[in-house]
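To start, the structure itself, in structure tokens.
Just so you know, all these numbers are worked out from the coordinates, no wet-lab data involved. In this text, all values refer to a predicted model and were calculated from it rather than measured experimentally. Quick reminder, even Gly has a Cβ in these numbers, built from the backbone with ideal geometry, and neighbours come from all protein chains shown.
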Amino acid sequence: MIKTQIEIAKEWLEELLKLGEIPAAVTPKQQEDSYWLTIDDSNLTAEQISILIGKDGLVIDAIQYLANTILNISKEKEQEQEQELEEQAAYTIEINDYRYRRIQELQLMADYAANQVRLTKLEYEIPSLSSAERRQVHTILKEHEDLETYSRGQEPDRRLVVKIKD
């Protein structure tokens, strides 16, 4: 039986959790633009959930980064052997509705930044976002034809800048 990408990802994440002594089931779901892997937190303690999310989402972001890197590297190797040219998959790791709540926070940040820029006509910087979050805010603000966004600085102090379009 040939396993699908999402089945492989589910097994990979469950094994990672098991190695971290936090055995939990993972529910995979294919979305429009990515595979979502939701960690079942029903049998986890609040402390375990907190550990998996980490301060400012650093741990869940790191797990997601690993998933995207490792699972796509193994896919590239398979493609080389089979001569397939398929797009890389995007994986989103979710637990305790963290991503859902964070997307809502990012929407509020983007709206606030847009309003500030329109009011003051000055650039507005949004600090402390991961690269994935910066991409999300870029996407959110892309709908505003009068604004443009770009990133400034070097990691770990890279910031998203919102300004009036020239």
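Listed values, structure above:
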quantity: Charge dipole magnitude, Cβ of K and R +1, D and E -1 - the chain, Cα centre, debye nearest 20; calculated: 600
quantity: Mean separation of Cα contacts under 8 Å, 6 or more apart, over the residue count of the chain: relative contact order %; calculated: 16
quantity: Amide H partners (placed H, <5 Å) of Thr38, local residues excluded; calculated: Thr27, Lys29, Glu94
quantity: Candidates Glu105, Glu14, Glu47: whichever shows maximal mean-square fluctuation once the chain is modelled as a Gaussian network with Cα springs under 10 Å; calculated: Glu47
quantity: Fluctuation leader among Leu37, Leu122, Leu141 - the chain, Gaussian network, Cα springs under 10 angstrom; calculated: Leu122
quantity: Net charge of neighbours whose Cβ lies under 11 Å from the Cβ of Ser34, counting Lys and Arg as +1 and Asp and Glu as -1; calculated: -1
quantity: Karplus-derived HN-Hα couplings along region 5-15 (A = 6.51, B = -1.76, C = 1.60, θ = phi - 60°), whole Hz, x at Gly and Pro; calculated: 4, 5, 5, 5, 5, 4, 5, 4, 5, 4, 5
quantity: Exceeding the 30 Å Cα-Cα cut-off - candidates Lys29/Lys165; Lys18/Lys55; Lys29/Lys142; calculated: Lys29/Lys165
quantity: Stokes-Einstein D (µm²/s) once Rh is taken as the Kirkwood radius of the chain over alpha-carbon pairs, at 37 °C in 0.692 mPa s; calculated: 185
quantity: 222 nm mean residue ellipticity, helices alone, for the chain (DSSP H n ≥ 4; -39,500 (n - 2.57); rounded to 500); calculated: -16500 deg cm²/dmol
quantity: Prolate/oblate/rounded label for region 101-164 (Cα gyration tensor, a/c 1.5); calculated: oblate
quantity: Region 101-164: relative contact order in percent, alpha carbon pairs under 8 Å with at least 6 residues between; calculated: 37
quantity: Candidates Gln154, Gln48, Gln116: whichever shows maximal mean-square fluctuation once the chain is modelled as a Gaussian network with Cα springs under 10 Å; calculated: Gln154
quantity: 0 to 90° range, to nearest 10: angle between helix 58-82 axis and the chain longest Cα axis; calculated: 60
